[in-house]
Number of protein chains: 2
Amino acid sequence: MRELSVKTDSKIVLLVIDGLGGVPMDPSGETELEAANTPNLDSLAVRSDLGLSRPVAAGVSAGSGPGHLALFGYDPLRYVVGRGVLSALGVGFELGENDLAARLNFATKDSSGKISDRRAGRIPSEKGAELVELLNENFDLDGVETFVRHEKEYRAVVVFRGEGLSDALTDSDPQRVGREPLPIKPTDDSPEAEKSAALANAFVEQADEILKEEHPANTVLVRGFGMHPNLPSFEEIYELDAAAIASYPMYKGLARLAGMELLKEGEGIAGEFETLRENWDEYDFFFVHVKPADAAGEDGDFERKSGIIEEVDAQIPVVLDLGPDALAVTGDHATPAKLKSHSWHGVPFLLYSPYTLPTAESFGERPCAGGALGAFPAEEIMGLLMGHALKLNRYGA
Amino acid sequence: MRELSVKTDSKIVLLVIDGLGGVPMDPSGETELEAANTPNLDSLAVRSDLGLSRPVAAGVSAGSGPGHLALFGYDPLRYVVGRGVLSALGVGFELGENDLAARLNFATKDSSGKISDRRAGRIPSEKGAELVELLNENFDLDGVETFVRHEKEYRAVVVFRGEGLSDALTDSDPQRVGREPLPIKPTDDSPEAEKSAALANAFVEQADEILKEEHPANTVLVRGFGMHPNLPSFEEIYELDAAAIASYPMYKGLARLAGMELLKEGEGIAGEFETLRENWDEYDFFFVHVKPADAAGEDGDFERKSGIIEEVDAQIPVVLDLGPDALAVTGDHATPAKLKSHSWHGVPFLLYSPYTLPTAESFGERPCAGGALGAFPAEEIMGLLMGHALKLNRYGA
C-alpha cells in the first residue's frame, strides 16, 4: 500500500455503525438492519458493491479495538492495543513512545479491604473530575512522572512516564465485588516488567492514601496496561489527510493511533454529520463513528437498534450531497440483539463509488452475502476504498 | 502441490481473455461480458463452477505480469519480474540465471541532448530490426557479453551476460520529452549494483556512438531492469507438460518463466484455437491467451470489448470438441471500459469439468459473484484445475 498510494483530490468516507451486524431473532425473520426502514441505504445499495466483512477470524468476536484496527487496515492479530492506551488517546493525552498507560476505575473498598462497588456507585462526572484533580499532583514514584486524566463518571486513565517501563502486567481489578484488589504482577521475566509492577503497586498504595477520606470513591482499580503500538499512520501508508468524527473516547483513541485528526463533533448522530459537512474541504479521508447501535444490541433491544440504523439512514443524503468519491458503510463487528453481545458474524458492508458491480436492491446481511465482495476480511476495506477512489497505482508491469 | 501432483492422461485448458473483468457503465446496466451475446459460454456456465477471482490484493489493479503469475499459481507479491525479463523471454531469448535484461526503446535525441521523441517516430519493425543488427556486435563492455534482440517497431531488449550483475538499477528513460536521458544509478549499496550501473551507462554511451548518424532513432532509452526470477516450473510443481499459445511477447515471456513450451500461433483469435487443436495430443496443459479484449477496455470501447468476447465465444466449441478434462475461462485482471485501464475488480471465472456445482444460467460478473467459488484469490486457480482434472492426490489419510 505504501508503495502504491498516491495523493489525489478524491475523498473517502468510512461510516462505521458500531455493532451493525446482526442475526434474525427467529431463523425465518429479518436482522436489525433488514428490519429497519432504510430507503437511503437501500437506494445506495443498488449502486454499490456489497459484502460481509469479518473483523478478526472465523468464529471470533472482536472487541472494538481489534474491530477498528481491521477497518483501518491494520492486522488486529499483529497490533495489540491495551485498553489504557485507547483511553489515554481518547481523552486527548499525547502518549509518548515510552509511556505506560492503564485504565483506572474509582471504586469502593469496605473496612475489611474488599471491593464493595467496582464503580464507586457510578459517581457523577463532576465528582470524578474532582478526584482526578486530587490525585494528579501527589505521587512520589521514584522519578517516574504520573499523569491522571478523567474520562467519564468513575472512569479515568493513568499514564506513567519514565525509562524502561513495560506493559507486561496483570490488572488489580478483581472483576467481582467481595474480593480484595489483586496485586499487580509482571507477566514476563524482564526487569522492565518487574520495575513496572512495583511502580503500579506503589501508585495504587499512594492513591489509597490520598483517597482514604473520600466516600464512596476511596480506592482505584487498575487494568488494561498498554504502551503505544506505534502504528504507521494513514499519512505514511495511504498519503491521506484523515479526520475522525467520534463521540466516544475509545474511538477517538483508535483514530489517533492511525494518525487521524479528531474533529469536534456536534450533538448526537445528526451533529456528527454536520461536523462532516463543516470540515469537508479540509481532509481527504473521514472516519465517522456512530456508537448507539452497539449499545442497543448489547441491551438485546432489537427495535432500538433498528431505530438507530434508521436515524443513520436519514443522514445518508448529507453525505451524498458532499459528493464522496468512495463511501463505505459498515460496522466494526456484529452485535446481534439476540446475543446481547459482540459476535463473530459477518458485518454488512457497502461500498459506493462510480465503479461498482451492484447485485441487490437493498442493504442487509443477506443481500451482502450474495454481493460482489462475498465474505472477506475487514482488513481489506482500506484497500478497496483506496482503489475505488483511484488512489492506488497499478502493481507491476 | 509438488507433493500431491500426479501425472495422468487428463488435459487442462486455461483460457485467459486479457482484461476480461468489467463493470457496468451505469449501475443498473450490464458489464461487457454480460452484454456480450455468448451462447457457448452461457451454456458452459450451466455446467460449470463460477466465481470472481482476484489477482493481487483488495483494491489493487494488477499489471499483466503479476496477473499472470497469480493465474499460474505463483505469489505475485513474492515473485517480482522486471519488464526486461518478460521482453527477453517473449522474444525467445534463453535467459540464463545470471543474465541482466532491460527494455530498450529507440528514441530521438535533439542537438541539445534532450529527448524529443521517446519512440523515434514509431519506426517500422523493419527499421527497428535493422538497428538491432547494427548494435548487436559492437559493444566492448569489459568482458560482459551483450545481446540486443528486436521486439516490435521501436522496442527491443538488451541482455548482459557476465558474473556479479544486479538488477537494482534505475531507468535511463526520463518518461517525458524535453528532458535529457537519466544516468542509470544503483538502488542499493552492493558492488554488483554499482558495477551493473557503470556497465549499463557504458552501453548507452556506446549505443549513442553507433547510432549517431541514424535518424530519427539516434539513441536508446533503457528501463525495466530485471533478472530471471527462477520460478519453479509447471513440470516441477504440477508434473505438467505445459504449452502456451499467445500472440504477444510479454505473455510468451510469462509462459516461458513457468517453463511452458511456446507454440506457434495462427492468425488472430481463431488461429490460436487452431493451434490448440493441432497440438492437442502433445501436451497436457494449455495456456491460451487472447489479448485484444484488454486493449478495447483500455480504449474505453465497451462495444468492441463485448465483440471480442463474442469472438472468443465462437471458438468455445473448438475447445469442447477436443474434450478437455478441466477448462477454465477467465482473465488476468479486469479492464473495465468505464475506467479505461486495468482495475482491481473481481475477474469472472468459470471452471468446466464433470465435477462442478453449477449455480447460474449464464457467464457474467453477477452470476460469478453468486457462484460456488465466491470471491477468491487467482493464485488458487491452478489448484482448482488440478483437482478437477483429478491430478492431485488426497492430502492425508
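The values are calculated or read from the model by the stated rules, or taken from the named source; none is laboratory data. Quantities reported herein were computed from a predicted structural model and do not represent experimental measurements. Using ideal geometry, Cβ is built from the backbone for each residue, glycine included, and neighbour counts are taken over all protein chains shown. Heads up: the accessible areas ignore ligands, DNA and RNA and are worked out on the full protein's heavy atoms, side chains in. Shrake-Rupley method; radii C 1.70, N 1.55, O 1.52, S 1.80 Å.
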Task: Selection from segment B:246-269 of residues that are aliphatic (A, V, I, L, M), within 14 Å of chain A (Cβ to nearest Cβ) and either open to solvent by less than 10 Å² (accessible area, probe 1.4 Å) or in a loop (DSSP other than H, G, I, E, B) (or both) - done: B:Leu254, B:Leu257
TODO: State all residues of segment B:195-213 that are touching a strand residue (DSSP E or B) at 6+ places or on another chain (Cβ under 7 Å) and surrounded by fewer than 16 Cβ atoms within 10 Å (Cβ to Cβ); if no residue qualifies, say none.
DONE: B:Asp208
- [ ] Within segment B:63-75, track down each residue that is modelled with pLDDT of 95 or more and not in a helix (DSSP H, G or I).
- [x] B:Phe72, B:Gly73, B:Tyr74, B:Asp75
TODO: Considering each of B:Arg122, B:Arg54, B:Arg78 in turn, give the residue that is charged (D, E, K, R) and in contact with a strand residue (DSSP E or B) (Cβ under 7 Å, 6 or more places away or on another chain).
DONE: B:Arg54
- [ ] Kindly indicate the residue of segment A:15-26 that is in contact with a helix residue (DSSP H, G or I) (Cβ under 9 Å, 6 or more places away or on another chain) and either basic (Lys, Arg) or surrounded by fewer than 22 Cβ atoms within 10 Å (Cβ to Cβ) (or both) and also farthest from B:Gly346 (Cα to Cα) among those meeting that condition.
- [x] A:Met25
Task: A:Asn138 polar (S, T, N, Q), in a loop (DSSP other than H, G, I, E, B) and within 17 Å of A:Glu205 (Cβ to Cβ) - done: yes
- [ ] State the number of residues belonging to segment B:130-165 that are under 23 Å from the mean Cα position of the chain (by Cα) and either within 29 Å of B:Ser190 (Cβ to Cβ) or not hydroxyl-bearing (Ser, Thr, Tyr) (or both).
- [x] 13
Task: Which listed residue, of B:Ser362, B:Ser343, is more than 18 Å from B:Leu327 (Cα to Cα), among the small types (Gly, Ala, Ser) and at pLDDT 95 or above - done: B:Ser343
Open item on the list: So, in segment A:219-243, how many residues would count as being in a strand (DSSP E or B) and over 23 Å from A:Ala102 (Cβ atoms)?
Closed with: 2
Task: Failed item in (1) in a loop (DSSP other than H, G, I, E, B); (2) at pLDDT 95 or above; (3) surrounded by fewer than 20 Cβ atoms within 10 Å (Cβ to Cβ), with B:Pro216 passing the rest - done: (2)
- [ ] Please go through segment A:329-360 and pick out each residue that is over 15 Å from B:Asp26 (Cα atoms), within 14 Å of chain B (Cβ to nearest Cβ) and in a loop (DSSP other than H, G, I, E, B).
- [x] A:Gly346
Task: Search result, residues across segment B:379-392 that are open to solvent by 30 Å² or more (accessible area, probe 1.4 Å) and either farther than 16 Å from B:Tyr355 by Cα or in a helix (DSSP H, G or I) (or both) - done: B:Glu379, B:Glu380, B:Leu384, B:Gly387
- [ ] Quick one: which residue in B:Gly29, B:Gly59 is farther than 17 Å from B:Leu14 by Cβ, open to solvent by 10 Å² or more (accessible area, probe 1.4 Å) and in a loop (DSSP other than H, G, I, E, B)?
- [x] B:Gly29
Open item on the list: So, B:Glu298, is that one of a type in the set (D, E, K, R), open to solvent by 10 Å² or more (accessible area, probe 1.4 Å) and within 17 Å of B:Asp42 (Cα to Cα) or not?
Closed with: no
- [ ] Residues being of a type in the set (Val, Ile, Thr) and in contact with a Pro (Cβ under 6 Å, 6 or more places away or on another chain): count how many of those fall in segment B:1-40.
- [x] 3
TODO: Would you check which residues across segment A:361-397 are within 10 Å of another protein chain (Cβ to nearest Cβ) and touching a Pro at 6+ places or on another chain (Cβ under 7 Å) and list them?
DONE: A:Tyr395, A:Gly396
Task: Residue in segment B:41-56 that is farthest from the other protein chains (Cβ to nearest Cβ), counting only those that are in a loop (DSSP other than H, G, I, E, B) and closer than 25 Å to A:Ala328 by Cβ - done: B:Pro55
Open item on the list: Criterion first (surrounded by fewer than 21 Cβ atoms within 10 Å (Cβ to Cβ) and away from chain A (no Cβ under 14 Å)) does B:Asp325 satisfy it?
Closed with: yes
Open item on the list: Suppose the filter is surrounded by 24 or more Cβ atoms within 10 Å (Cβ to Cβ) and of a type in the set (Lys, Arg); does A:Lys291 pass it?
Closed with: no
- [ ] Name the one entry in B:Glu153, B:Glu145 that is free of Cβ contacts under 8 Å to residues at least 40 places away in the same chain and at negative phi.
- [x] B:Glu145
TODO: Answer yes if at least one residue in segment B:258-267 is in contact with a Phe, Trp or Tyr (Cβ under 6 Å, 6 or more places away or on another chain), under 21 Å from B:Asp167 (Cα atoms) and not β-branched (Val, Ile, Thr), and no otherwise.
DONE: yes
TODO: Among the residues of segment B:141-153, count how many are in contact with a Phe, Trp or Tyr (Cβ under 6 Å, 6 or more places away or on another chain) and either at pLDDT 95 or above or assigned to a strand (DSSP E or B) (or both).
DONE: 2
Task: Scan of segment B:65-106 for residues that are away from chain A (no Cβ under 14 Å), open to solvent by 10 Å² or more (accessible area, probe 1.4 Å) and in contact (Cβ under 8 Å) with a residue 60 or more places away in the chain, ordered by number - done: B:Gly73, B:Val91, B:Gly92, B:Phe93, B:Leu95, B:Gly96, B:Glu97, B:Asn98
Open item on the list: Residues to consider are A:Pro174, A:Pro181; find the one that is closer than 25 Å to A:Gly90 by Cα and either touching a Phe, Trp or Tyr at 6+ places or on another chain (Cβ under 8 Å) or in a loop (DSSP other than H, G, I, E, B) (or both).
Closed with: A:Pro174
